Amino acid sequence: MRKTPAPTDDLKVQLTAFLRKNYPEICRHWFDEIEPVDVDGGVLTLLVGEPVRRNYLQRTCLAPFTEAAQAITGRLLAVRFVGEECESGDAPPMTLVGGLAPSELDEQLLLSPDYIFDTFVVGPGNRLAHAAAIAVSANLGGAYNPLFIHGGVGLGKTHLLQAICQTVLRQRPSARIGYLSCQTFSELFLGCVKSGRMQDFRHRFRNLDMLVIDDIHFLSKRDQTQEEFFHTFNSLYQAGKQLVLSSDASPNEIPDLEARLVSRFNCGLVARVDKPCYETRVAILKAKSAMLGLDIADDIPAFIASRIDTNIRELEGSLTKVRGFAMANGLTMTLDVAKRALADDRPPSSVSTKPTIQMIIDAVTLYYDIKLSDLMSKRRHKSIALPRQICMWLARKHTRYSLEEIGGYFGGRDHTTVLHAEKKVERTRNTDLELAQAIDRIEGTIQRHAPVG
Ligand code: ADP
Ligand code: MG
C-alpha cells in the first residue's frame, strides 16, 4: 500500500471531532484508533485493524465518514476502510458462512463491535449464560453443546451470541461460523428449495464449525424449515460442531416445537437471562456511557436505573434521550438535565392511558427487532408483514384513526389492506398461542409507556 503522502494528525483529529459533533450516535471510543494512511486519487484510506470493526464501519458508517472527509478537506473524497493485512487496500468481506455468494452474505447478521465480552456487564441475572458463553467460545463443541440461551426482550441474548462469534473469530480467523437470525435461516432454506439448490444449502450449513441462530423461537410452526433444521442440527452435533441458540422462551415453552427438537435443545446447557438488578443496571449504564464516550454526571446512571427496570434496551434508550436533549439544548449532562429530559416518560399510574401510534410502532419494532423503515416499506415477507399487521390491529384497537389513515401511515396502503390485517390478526390470535402471547407482551410494553391521560 502506498504510504505517501501521509495525512496529518490534524485530519484524524478533525475527522473524529466532526463525527462526534454531527453523528454522536455512531461514535465509539475506539474511533480514536482509526488511522488515516493515505489520500490518493480522490480516496481517503483509513486503517482499521479489527476485521469486525472494519466490516461494521464499511456497512453502516460509510456515509457519515465520507461526509466528514469532504467537509474537512473541501474535496470530493471517497472513503475506504482497509486492514493491515490487505496490501491491495480492499477490505475483504468477512465470510462467515463459507462459500456464500456476496448477495447471500448480506443475509448474514452483521456483527456489532459493541457486542463483545468486554462490554458485557455480568450480574446475577445473566451470570450462568455469560459463563457458559465464555466456556463455549474457548472450547467449541467441547464445553456445552448446544448452548441454549433464553429470556425476555432486550436482556442481552444477541449480545452474548455475537460475543461468542467474535471471540472465536479472533482466536481462529478461519473458523467457519454461520450466524443468522431464524428468519434468515428459514428464508435461505425456502429459497434453496424453490430454486432446487438444496445440495448447496446442505453443503453450506453442514460444513460449519459453529452454527449460531438468534431467536430460534420463530422456528415454531414452520414445518418444512423445522425438519431441515433438525437435520442440520443433527449433522453438526454428531460431527462435534458447536451449536448456539437463543430464544424468548425455554425449549419446553416454545409453541409448536417438535418434541425431538425440544429434547435436542435440552441436551446441552439451557441458560436463562433474567432482568438485571439495580446494581447491574447502574453498571451497564456506566459501561455504555464510557463506550459512547459520554461525559455524564455520576448520579445519572443511578437515576435512570431507578426509573427503568424492564430491559436493557430501554435503559440505553433513556441514556440516548438524555444525550439528545442535552445536545439539542447545548447543556452538559447533569442530573438536573437528565430529569428534564426524561420528565415526559414517567411510569404510568392507574389513571386512563391512551397509546399513540408511535408507541405502538415502538413496542412492535422492539419486540420483533425490526426497523421502522421495514414496517413502512413495501416488503411483504412474513417476518415484516406480520409485525405490520399487528401494528394495524393495535392501531385499530387503541387509537381512533380510520382505516384509510392507518393504511396511509403504513406505506400508503389502502383501507382494505388494513381491514384484512385486522381480521386476520383477530382470527389468528384466537387459535395461535404464540401470536396471542406476542400481542400480550407488546401491549404490556405499550401500557408501560403510555402517558397518563
Ligand atoms: P436480546 O437479544 O436479549 O433482545 P440484546 O442482546 O439485543 O437483547 O441487548 C439489548 C441491548 O442491551 C444491547 O445494546 C446490549 O448491548 C445491551 N445489553 C444487554 N445485556 C447487557 C449486559 N449485561 N451488559 C451490557 N450491555 C447489555
Ligand atoms: Mg436479540
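FYI, it's all coordinate maths here, none of it is from the lab. Please read these numbers as outputs of a predicted model, since none were measured by experiment. In this analysis, Cβ positions are derived from the backbone assuming ideal geometry, glycine residues included, and neighbour counts consider all displayed protein chains.
Cross-link candidates for K397: which lysines have Cα within less than 28 Å, leaving aside residues fewer than 8 places away along the same chain?
Output for K397: K221, K354, K371, K378, K382, K423, K424.
Counting Lys and Arg as +1 and Asp and Glu as -1, each charge on the Cβ, what is the dipole of the stretch 117-273 about the Cα centre in debye, to the nearest 20? Don't skip to the end; give the middle numbers.
On the way: 16 positive and 13 negative charges, 88 e Å.
The dipole of the stretch 117-273 has a size of about 420 debye.
What is the list of residues in the stretch 407-435 whose amide nitrogen lies under 15 Å from a point 7 angstrom out from the Cα of K378, following Cα to Cβ?
Output list for this probe position: 411-414.
Output the relative contact order of the chain, whole-number percent, from Cα pairs under 8 angstrom with separation of 6+ residues. Intermediate values should be presented prior to the final figure.
On the way: 661 pairs, mean separation 57.1, N = 453.
Worked out over the chain, it gives 13 percent.
As I understand it, the dipole of the stretch 164-306 uses +1 on the Cβ of Lys and Arg and -1 on the Cβ of Asp and Glu, about the Cα centre. Which of F205, A283, I254 lies farthest toward its positive end?
Final value for the positive-end residue is F205.
Test of understanding: extend the Cα→C-beta vector of K12 to 7 Å, then name every residue of the stretch 22-54 with backbone N under 19 Å from that spot.
27-40, 44-51, 53-54
Treating only the Cβ of Lys, Arg, Asp and Glu as charged (+1, +1, -1, -1), what charge dipole size does the stretch 348-453 show about its Cα centre? Round to the nearest 20 debye.
Details: 17 positive and 12 negative charges, 37 e Å.
Dipole magnitude for the stretch 348-453 comes out near 180 debye.
Would you calculate the volume per residue, in Å³, of the smallest convex hull containing every Cα atom of the stretch 9-82?
Values: hull volume 5.9 nm³, N = 74.
Considering the Cα atoms of the stretch 9-82, their hull volume per residue is 80 Å³.
Would you work out the relative contact order for the stretch 292-345, in percent, from Cα pairs under 8 angstrom that are 6 or more residues apart? Could the numbers behind the result be given before it?
On the way: 35 pairs, mean separation 20.9, N = 54.
That works out to 39 percent.
If I model a spin label as a point 7 Å beyond the Cα along the Cα-Cβ vector, how far apart are those points for T334 and L110 in nm?
Using points 7 Å along Cα→Cβ, the separation is 3.8 nm.
If I stretch the segment between D32 and T399 completely, what's the gain in nm (0.36 nm per residue apart, minus their alpha carbon distance), one decimal? Intermediate values should be presented prior to the final figure.
Numbers: separation 367, 0.36 × 367 = 132.12 nm, distance 4.69 nm.
So the extension gain works out to 127.4 nm.
Mind checking the dipole of the chain: about its Cα centre, +1 per Lys or Arg Cβ, -1 per Asp or Glu Cβ, Debye to the nearest 20? Let's see the in-between values first.
Working: 55 positive and 54 negative charges, 164 e Å.
About 780 debye.
Have a look at the DSSP beta bridges in the chain and tell me what percent are antiparallel, nearest 5.
Values: 6 of 30 bridges.
Roughly 20 percent of the DSSP beta bridges within the chain come out antiparallel.
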